[in-house]
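Here's the structure we're looking at; comments come further down.
The values are calculated or read from the model by the stated rules, or taken from the named source; none is laboratory data. All values derive from a computational prediction rather than experimental measurement. Cβ placement follows ideal geometry from the backbone for every residue including glycine, while neighbour counts extend to all protein chains displayed. When the accessible area is computed, the model is the full protein with side chains, heavy atoms only, and any ligands, DNA or RNA have been set aside. Shrake-Rupley method; radii C 1.70, N 1.55, O 1.52, S 1.80 Å.
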Amino acid sequence: MRLTELVSATVLLILFIVKLIKGKKYEEYTKQLKGDDYPLSELYTVGYAWNDSKLFSLRGRLKLTLIKQARLLYDPNYAEFYAVTAWAQIMTFAHLFLCAGFILAGAMDFALPAFAAVIFAAVISYYFFSAMGKKLEERRTACIIELPEVVSSMALLINSGMILREAWGKIAESKDGEIYTLMRNANADMNNGMSEIDAIHKFGIMSDTTEIKKFSSALVQSIEKNGRELSSTLVKQSSEMWNIKKQTMLQKGEAAAAKLLAPTAMIFVGVLVIIIAAAMGMLL
């Protein structure tokens, strides 16, 4: 058994070094990866090198899923780059965990580290694969929470006589937040020559949120009708959005309570064990 573990560890280590060398051509890519989302990014050249091989290249449904998520989170022109980077991240950490696990298993003559490495590699792969999806879900929730204030502000500014383009820019620059960032991106598109209809339509698509798509559709229809009925539509939507926000906040509260249930149960069991142990000690 130890011989098998040592041979496996040697092969994995050699492969890691080979891929690290072959992936040097991707160093310019890794230099652009910064922040907590890309830990140990200098090693991702290993994953990029694995992606070059036919057997472990990103393709099929996995590729389509990652590209779709990257298109919504980042500039659509760089969606494939971020999708491949996510795959390189997965391959790098999976290889790293497997390599470390088999080295420990061989050194200790104990198979458990190897099995643990396989499990950790699977868990870390799932974590990085679902990372963009999780960020999108968090952004959707944040947008729904921020949307009622945006709609209310838009209705107020339009009623005061401000045109839609000016109201949009004023609201976009008024605060920080997920929806305000998307609005600033749309405002930048308008300033760069994109039509208001196309920019607002893109804003709705990038939000990936039903409520915001409904809001952007109302604005687009208003532009096509020269602003008629926009004020009344916004007032009506504002009321609906506040109700949706209340429901969302209630759901978040229930989810937070559910997350606290497990630690509370563990603490209760721990206290119970301590009490039982003390009582048994006194009896003995």
Exercise. Name the trypsin sites (Lys or Arg not before Pro) in the range 1-89 that are in a loop by DSSP and that have at most 15 other C-beta atoms within 10 Å, would you?
Worked result: LYS34, LYS54, ARG59
For this session: Kindly flag which residue pairs out of LYS63/LYS213; LYS19/LYS54; LYS54/LYS134; LYS22/LYS135; LYS134/LYS175; LYS63/LYS135 have an alpha-carbon separation exceeding 21 Å in this structure.
Result: LYS63/LYS213; LYS54/LYS134; LYS22/LYS135; LYS134/LYS175
Exercise. How many nm separate the modelled label positions at LEU62 and VAL11, each set 7 Å beyond the Cα in the direction of the Cβ?
Worked result: 1.9 nm
Problem set entry | Average accessible area per residue (Å²) across the range 1-158 - probe 1.4 Å, nucleic acids and ligands excluded | 56 Å²
Exercise. So what is the orientation-averaged projected area of the range 1-65, using the convex hull of its C-alpha atoms, in nm²?
Worked result: 6.2 nm²
Problem set entry | Evaluated at q = 0.21, 0.22, 0.27, 0.30 Å⁻¹: base-10 log I(q)/I(0), Debye formula over Cα of the range 177-216 | -0.55, -0.60, -0.86, -1.00
Problem set entry | Rg/Rg_ref, the range 159-232, where Rg_ref = 2.2 N^0.38 Å and atoms are Cα | 1.03
Seminar exercise, completed: For the range 146-238 the GluC sites (Glu not before Pro) that pass both the DSSP coil test and the at-most-14 other-Cβ-within-10 Å test are GLU173, GLU229
Exercise. What does the highest-first list of 12-18, 95-101 look like by mean Cβ count within 10 Å?
Worked result: 95-101, 12-18
Seminar exercise, completed: Quick shape check on the range 16-138: root eigenvalues a ≥ b ≥ c of the Cα gyration tensor, a/c under 1.5 is rounded, otherwise prolate if a/b tops b/c, else oblate, and it reads prolate
For this session: Calculate, in nm to one decimal, what THR181 and MET108 gain on full extension: separation in residues at 0.36 nm each, minus their alpha carbon distance.
Result: 21.1 nm
